[in-house]
Amino acid sequence: DAIHGLVRHAITPMTARHRLFMFIDNATIADQGLIVVALDDAFQLGVLSSGIHSAWAGAAGGTLEDRPRYNNAACFDPFPFPDTSAALRESIGALAEKLDQHRKDAIARDERVTMTGMYNVVEKLRSGEALTPKERAIHEVAACGILRDMHDELDALVAEAYGWPWPMAKEEILERLVALHDERVAEEQRGVIRWLRPEYQIPRFAQ
């Protein structure tokens with residue numbers, strides 16, 4: 001019901017080492033290992049793909065063995081999206097579309113490339129750890145340096161959308177998000193609701 005009328009929607013693995021969001025076509029049916037996010041707005045995909053949301057999800061979610069587990073009730077429902085200008089929404093959305101397509105193109109080019117493989121490489125590029133021969137091949141095919149740079153740019157734009165400085169330590173990100181969450185709760189108690197999909201949500205949940 002939630003994705004009816006959309007052409008695409010976002011998904012993320014329920015359990016994964018890296019917190020990744022991507023768009024899939026509505027003709028694709030997600031299995032039980034995926035969380036479906038019934039949003040088609042690239043701005044929202046960009047926010048969910050940012051380090052700010054990853055920090056929140058990592059702190060609020062659970063774990064399965066050593067892998068983070070995404071939980072709708074804790075990771076998505078209470079997460080406060082930024083309320084920002086149309087220009088910033090457009091910039092974040094355009095970059096999110098570019099990011100989403102970059103990864104899909106890389107996977108289509110070579111069967112060795114996977115989402116997890118790409119982000120393992122990005123993680124090592126950030127830490128300076130040496131790549132294995134397999135990871136070097138993925139790095140070349142998937143242009144993982146460009147992927148890293150796009151995420152860096154996305155993080156800075158999303159922080160700007162919140163009106164926050166960047167970069168920030170994870171602890172400060174979480175403190176700011178919790179404070180903003182509490183502000184939003186107080187708003188909702190006064191009847192101010194910041195709907196993500198008003199045309200879908202208002203007829204069903206406004207009362």
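The values are calculated or read from the model by the stated rules, or taken from the named source; none is laboratory data. On a predicted model such as this, the values are computed, not experimentally measured, just so you know. When we count neighbours, we look across all protein chains shown, and the Cβ atoms used for this are built from the backbone with ideal geometry, even at glycine. Accessible surface areas use protein heavy atoms only, side chains included; no ligands, DNA or RNA. Shrake-Rupley method; radii C 1.70, N 1.55, O 1.52, S 1.80 Å.
Side notes on the structure shown:
- Measuring only protein heavy atoms, the 1.4 Å probe finds residue 77 accessible over about 110 Å².
- The value obtained for region 98-150, namely the Cα convex hull volume divided by the number of residues, is 59 Å³ per residue.
- Residue-wise HN-Hα couplings along region 160-177, as the Karplus relation 6.51 cos²θ - 1.76 cosθ + 1.60 with θ = phi - 60° gives them from phi, are 5, 4, 7, x, 10, x, 8, x, 9, 5, 4, 4, 6, 4, 5, 4, 5, 5 Hz; Gly and Pro carry x.
- Under the Karplus curve 6.51 cos²θ - 1.76 cosθ + 1.60, θ = phi - 60°, whole-Hz ³J(HN,Hα) for region 152-159, x wherever Gly or Pro sits: 4, 5, 4, 4, 5, 5, 5, 4
- Ranked order, 70, 162 - accessible area, probe 1.4 Å, largest first: 162, 70
- The HN-Hα couplings worked out from phi for region 67-73 by the Karplus form 6.51 cos²θ - 1.76 cosθ + 1.60 (θ = phi - 60°) are 10, x, 10, 8, 10, 3, 5 Hz, whole numbers, x standing for Gly and Pro.
- Sequence-distant residues sharing a close amide H with residue 37 (under 5 Å, placed H): 10, 11, 12
- Per residue, the convex hull spanned by the alpha carbons of region 116-200 comes to 143 Å³.
- Candidate cross-link partners of residue 98 among the aspartates and glutamates, defined by an alpha-carbon separation under 16 Å and a same-chain spacing of 8 or more, comprise 40, 41, 90, 149, 152, 153, 155.
- Radius, Kirkwood style, for region 39-101 when every pair of distinct Cα atoms is counted (Å): 12.6
- Taking the empirical scaling 2.2 N^0.38 Å for compact globular proteins as reference, region 11-133 has a Cα radius of gyration ratio of 1.10.
- Reachable aspartates and glutamates, given that their alpha-carbon falls under 14 Å from the alpha-carbon of residue 104 and they are not under 8 places away in the same chain: 25
- Of [x] 57, 39, 39; [y] 60, 50, 37; [z] 61, 36, 34, the label for Cα extents along the principal axes in Å derived from the coordinates: [x]
- Whole-number D in µm² s⁻¹ for region 23-73, Kirkwood Cα-pair radius fed into Stokes-Einstein, 10 °C, 1.306 mPa s: 127
- Here is the size of region 160-207 from its Cα atoms: Rg then Dmax, 14.1, 40 Å.
- With at most 12 other Cβ atoms within 10 Å, longest stretch of the chain clear of loop GluC sites (Glu not before Pro) (DSSP): 130-207
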